[in-house]
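The structure appears below as structure tokens.
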Amino acid sequence: MKLRNRIHLYSTLLMLVILVVLTVVIYYSFSSLAYSTEVDELDSVSEALRSTFTANETVNPSDILRAYMPVSGLVKVTDQEGQSLETVQSPDITTQFPVESGEDSGTMMVDGERFAYTTAPLIWSDGTTQNC
């Protein structure tokens with residue numbers, strides 16, 4: 001093999017490796033940014049839900065939860081022991097989520113899919129503090 005052909009071959013392979021590495025880095029950076037943005041949006045919706053729930057004590061709690069439910073998601077209210085008090089979910093969701101997530105917000109893998117979640121304290125209609 002001539003030197004000229006080797007130079008062309010090695011430079012082509014080097015460019016291919018650089019292109020693949022750059023593509024992978026861009027993909028994971030964008031993925032991380034997209035999930036972070038979704039978690040921030042869920043945090044703001046959770047805060048709006050809490051303020052609306054506190055302001056409207058006479059309205060049925062499930063109506064308020066349904067109004068703030070994400071498009072393909074669910075809103076679950078649990079007591080301090082982890083028992084579900086109220087769950088409003090999209091028909092698309094068939095996955096069982098773990099009761100304890102360990103953090104206030106973030107992402108989790110369930111059945112091979114990534115989900116964003118957030119938890120917030122909520123004063124329920126009977127005056128007790130629950131997790132939403």
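Here is a yes/no grid of residues against (1) over 27 Å from ASP92 (Cα atoms); (2) at pLDDT below 95; (3) out of contact with any Phe, Trp or Tyr (no Cβ under 7 Å at 6 or more places or on another chain):
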position: ASN5; (1), (2), (3): yes, yes, yes
position: THR12; (1), (2), (3): yes, no, yes
position: VAL24; (1), (2), (3): yes, no, yes
position: TYR27; (1), (2), (3): no, no, yes
position: TYR35; (1), (2), (3): no, yes, yes
position: GLU47; (1), (2), (3): no, yes, yes
position: SER51; (1), (2), (3): yes, yes, yes
position: GLU57; (1), (2), (3): yes, yes, yes
position: SER72; (1), (2), (3): no, yes, yes
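Taking the conditions (1) aromatic (Phe, Trp, Tyr); (2) closer than 25 Å to MET108 by Cβ; (3) exposed (fewer than 13 other Cβ atoms within 10 Å of the Cβ) in turn, TYR10 satisfies each one other than (2).
Taking each residue of the range 89-114 that is more than 16 Å from SER72 (Cβ to Cβ) and looking for partners that are of a type in the set (Phe, Trp, Tyr) and modelled with pLDDT of 75 or more with beta-carbon atoms closer than 8 Å, six or more apart or interchain, yields SER101/TYR117; SER105/TYR117; GLY106/TYR117; MET109/PHE115. Of the residues making up the range 33-87, those that are surrounded by 15 or more Cβ atoms within 10 Å (Cβ to Cβ), assigned to a loop (DSSP other than H, G, I, E, B) and touching a strand residue (DSSP E or B) at 6+ places or on another chain (Cβ under 8 Å) number 3. Of the candidates SER90, SER125, the single residue that is under 15 Å from SER62 (Cβ atoms), surrounded by 11 or more Cβ atoms within 10 Å (Cβ to Cβ), of a type in the set (S, T, N, Q) and within 16 Å of the chain's Cα centre (by Cα) is SER90.
The values are calculated or read from the model by the stated rules, or taken from the named source; none is laboratory data. What you see is a predicted model; the values in this text were computed from it and never measured. Note: ideal-geometry Cβ built from the backbone for every residue, glycine included; neighbour counts use all protein chains shown.
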